[in-house]
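What follows is one structure encoded as structure tokens, with my remarks underneath.
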Amino acid sequence: MDKTLVEKFENQLQGLLTELEELEFTSKAATATVVLDQSSVGRLSRIDAMQGQQMAIATECRRKEQISQIKAALKRIQENDFGYCLSCEEEIPAGRLAINPATTLCVKCAK
Ligand SMILES: [Zn+2]
């Protein structure tokens with residue numbers, strides 16, 4: 001794959017990673033607040049808080065997965081292995097990578 005294109009994807013991945021890690025930091029603070037507040041709030045708002053916390057945990061799971069996918073993609077860039085399908089080893093079209101640079105499968109194998 002074209003070097004400048006790989007660099008473009010690398011920048012994109014780095015940006016995404018920074019963004020996700022910042023989000024992780026803010027949401028950790030939010031979850032901690034919910035735990036501390038539990039003794040001082042009423043039952044209903046406690047349920048509210050717990051539902052919010054569960055949603056936060058689900059989002060955090062997705063985010064962790066995204067972060068590890070991005071880190072893996074950055075590693076593949078360093079190893080000159082970026083842009084190839086992990087299943088059939090064909091080159092993944094740049095258009096597909098533009099949508100999600102962390103993708104590991106070509107269109108055929110992703111189905
Ligand atoms: Zn494939």
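The values are calculated or read from the model by the stated rules, or taken from the named source; none is laboratory data. Since this is a predicted model, take the numbers as computed values, not measurements. Counting neighbours? That spans all protein chains shown, and the Cβs are built from the backbone with ideal geometry, glycine included.
Condition check for residue 87 on (1) part of a helix (DSSP H, G or I); (2) of a type in the set (S, T, N, Q); (3) within 15 Å of the ligand (Cβ to nearest atom): one failure, at (1). Across region 101-111, the number of residues qualifying as among the β-branched types (Val, Ile, Thr), part of a loop (DSSP other than H, G, I, E, B) and either within 10 Å of the ligand (Cβ to nearest atom) or in contact with a Ser or Thr (Cβ under 8 Å, 6 or more places away or on another chain) (or both) comes to 1. If I ask for residues that are of a type outside the set (S, T, N, Q) and either in contact (Cβ under 8 Å) with a residue 12 or more places away in the chain or within 16 Å of the ligand (Cβ to nearest atom) (or both), which ones from region 69-84 would you list? Within region 69-84, 70, 71, 72, 73, 74, 76, 77, 81, 82, 83, 84 qualify. Answer with yes or no whether residue 49 is away from the ligand (no atom under 15 Å from the Cβ) and either at pLDDT 95 or above or out of contact with any strand residue (DSSP E or B) (no Cβ under 7 Å at 6 or more places or on another chain) (or both). When the stated conditions are applied, residue 49 passes them.
Note on region 19-32: among residues that are surrounded by 11 or more Cβ atoms within 10 Å (Cβ to Cβ) and among the hydroxyl-bearing types (Ser, Thr, Tyr), the one that is modelled with the highest pLDDT is 27. The combined condition, being of a type in the set (Gly, Ala, Ser), modelled with pLDDT of 80 or more, surrounded by 11 or more Cβ atoms within 10 Å (Cβ to Cβ) and within 16 Å of the ligand (Cβ to nearest atom), is not fulfilled by residue 98. Residues in region 85-97 that are within 20 Å of the chain's Cα centre (by Cα) and either within 21 Å of residue 24 (Cα to Cα) or in contact (Cβ under 8 Å) with a residue 40 or more places away in the chain (or both): 94, 97. In region 57-84, what residues are within 9 Å of the chain's Cα centre (by Cα), farther than 9 Å from residue 102 by Cα and of a type in the set (S, T, N, Q)? Residue satisfying the conditions is 68 alone.
If the condition is being touching a strand residue (DSSP E or B) at 6+ places or on another chain (Cβ under 7 Å) and either part of a loop (DSSP other than H, G, I, E, B) or of a type in the set (D, E, K, R) (or both), then region 61-84 contributes only 83.
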